[in-house]
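Encoded as structure tokens, the structure appears first; notes follow it.
Please treat every number below as a calculation from the coordinates, not as lab data. Fair warning: this is a prediction, and the values are worked out from it, not measured in the lab. Here the Cβ positions follow ideal geometry from the backbone for every residue, glycine too, while neighbour counts run over all protein chains shown.
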Amino acid sequence: MNSLFLLPKTLAFAPNPSSSSSSKPNSHSSSATGIPITSSSRRGNPLKPSLLEQTPLLSVIGLSCALSLHPAVADAIRPQIPSVYPCEDVDSYYNGVSVLEGAALMKKLNSIVSPHQSLTYRAVWDALKILDAVDVENPEASSEIIEIYSLRAVPKSLAGKPEGWNNKFQNFPLSYLAAMTSLFVTGEHLWPRSYGLRDGTSLTDLHNIRPADVNVNSSRRNKYYGECVSVSTHCSRPANNEAASDTETDKERWAPPRQVRGDIARSLMYMAVSYGFQQPDGRLPLLLSDSPNIEKHEMGLLSTLLQWNKLDPPSRMEQLRNDRICKLYQHNRNPFIDHPEYANFIWKNVTSSNLTAQHPNLKAGINEFHYDNEGKNHNEFIEILPSPSANAAELKLILYNGSTGRMYKSLSREGKQIFNVNIDASGYLIYAANTTLRSGPADGLALVSVSANGPGKGIESNDVMVQESDESLVDDSLGMTGQEIGKFEWRRCKGAATPGKTNV
């Protein structure tokens, strides 16, 4: 008889990328402008282990005699080769994109993501229960979903009920809904229908739809996204009694929870790319601008969305959602989740600034930190300064014992509650983390890529030539200062610690 053997898959990881470190005291840094994170190109793929996966091999042995198999039996033992969609190979999916900017980049992305599977309303309903499940690792078994504006976990079973999510129009008879499909809403359309969504493809695009509490959804209506202006006398915080506490709204603007502001920004950018060109029936394309206009299909606020895209990089939940839309449903991807930097190359055309003048591969650096030598751990913090082209989601702070080389703490951008993020007057994002630091004679800090295997491995730390002492106050720090980019140097800031702000 036939014996079938399926060889196991094996994984091989790429060599550890370069990393660099800083130690204190004596405090060390790999360069005068901070710790560089290298990248092979201006717009390289995120640094992560590459998986070299061997194709399963089917071996048929032990054929002792000639057998005539019934076709049904032959089909049963024939190896099932799973369907693979182009979007599942993320690297090749964006072939030809890396050298483009502006309108050319937008047009190329449109040709990649616009052709995709159009879903029925019922399929969208079912998909949301997987895509927005509370348990992102095992969504089928999860009994709850997350509402986009309240961030509450609610049972999937509440879908369509008066107290539940996605219940707009759900109490109408199916016969009526069949005749009124243009009114059928299976969730919150982040890009509102009134801003140009007309056909089934744009109305049921999963990248634009999230579960939402019906009362919060009604409060948002079709307001464009933005934060209340400082002089507004009509700003409500939270935006609705059932919305998350950090939401806000006025007569025109709507600001979702900070945790999902980047998610929503990237969803709108996707819509502007996927449907951002003249439609076949002559309808106007979808556009992003700072002057929202329903008649012109211009949604916004663009400048705010670009800022949210920086402040809130893609989380694991958002990345898994993108992967599942690709593999299970529409078979396309949101390019701004895979490459958040594309937003600036299209709408702002931001290039690397003079921050990288001293080192051509500089991506981010440790900019300031404070430790208490008396062991009281008062006001201790670390501050990092990424360049405009850096993806903060790729960075990880490693705190390590310099004598043993062992890590005692790791901080990453995934832990959003750890970092406070601010934008200084020049437009730089500054990430500050309040955390206790050990102050042994060789203890140190390292800023590495998320795939690095150990802090500063193979890199020699450099003494920054300053240190704090037992006389240091809680408002002291060590920081990078200077009058000219590329000539900054470390100095002791007495009573002038500025976590989250530009060093004076």
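Quick look at the numbers
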read-out	value
Extended-chain gain in nm, criterion 0.36 nm per residue less alpha-carbon gap, D89 and V466	131.0 nm
Violating pairs (Cα-Cα greater than 30 angstrom) within the set K348/K396; K129/K251; K396/K501; K129/K310	K129/K251
For segment 222-271 and segment 105-159, distance of Cα centres in Å	21
Distance between modelled label sites at N434 and R283, nm, 7 Å Cα→Cβ extension	4.9
Cα Rg, Dmax, segment 203-356, angstrom units	16.0, 48
Length added when fully stretched, N138-T404, from 0.36 nm per residue minus Cα-Cα	91.9 nm
Volume in Å³ per residue [convex hull over Cα atoms, computed for segment 254-295]	80
Rough spin-label spacing in nm, given labels placed 7 Å along Cα→Cβ, for R258 and D323	2.8
Additional length obtainable on full extension of the chain from R316 to N293, 0.36 nm per residue less Cα span	4.9 nm
